[in-house]
Amino acid sequence: MTATSEWLDGYLTAWRTKDADDIRAIFTDDAEYLFHPYDAEPLRGIDAIIASWQEPEPAEPVVDFEVLIEDDRLGIVRGRTEYPGHATYLNLWEVHLAGDGRARRFVEWYMTVPDDDDAAVAAGATGGDVTS
C-alpha cells in the first residue's frame, strides 16, 4: 500500500469516527487545511482541524475515493461524496505529506454535481447537452 493510500484509509476512518486520535493520526500538529484553493482563512493546527470535524454533517456521506498520483511528498486524490437528500460533490484533494506520512497541508477542490433540474436549466441556457 502506498503512503497516500494509507493516508486516505486513515482519513476515511477519521471522517467516519470524528475521533480526535484518528484525526491526529492523519494531520501534523501544525497542519494547514484549506476547504478550497483560494481559502483566505484556512484551518491552522490540529486543534482547529479537530474542532471543525466535530460540526454535524447534513447526512451520512456515501463516498468513493481513489489515489490518482503521488510521490514521496504529494498525493492527489479524486473522489465523489454524496450526502443523500442534500448534495453530491466531485472532489480533488492535494495531500502534502510530512515525512511521517501525515498531511502537513490539505487542499480541497470540489464542485457540486447538479441535480437533474439544474442540469436541464444549464442545458437550456447554453443550448448544449450537459449530460453527455
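Below are the figures for this structure:
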item: By average C-beta atoms within 10 angstrom, highest first, the peptides 60-67, 42-49; result: 42-49, 60-67
item: Calculated FRET value between Ala51 and Thr2, using beta carbons and R₀ = 41 Å, to 0.05; result: 0.85
item: Dipole axis of the chain (+1 Lys, Arg; -1 Asp, Glu on Cβ), positive-most option in Trp53, Leu34, Gly101; result: Gly101
item: Axial C-alpha extent at least 18 Å, average Kyte-Doolittle at least -1.0 - helices from the chain (DSSP); result: 3-17
item: Ranked packing of 83-93, 100-110, most packed first, by mean Cβ within 10 Å; result: 100-110, 83-93
item: Whole-percent pair-distance distribution, where bins are 5 Å wide, for the alpha carbons of the chain; result: 2, 10, 17, 21, 20, 12, 7, 6, 4, 1, 0
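Read-outs: derived from the displayed coordinates by stated rules, not from any lab. It should be emphasised that the depicted structure is a prediction, and the values quoted were computed from it without experimental measurement. Positions of Cβ are backbone-derived with ideal geometry, glycine not excepted, and every protein chain shown enters the neighbour counts.
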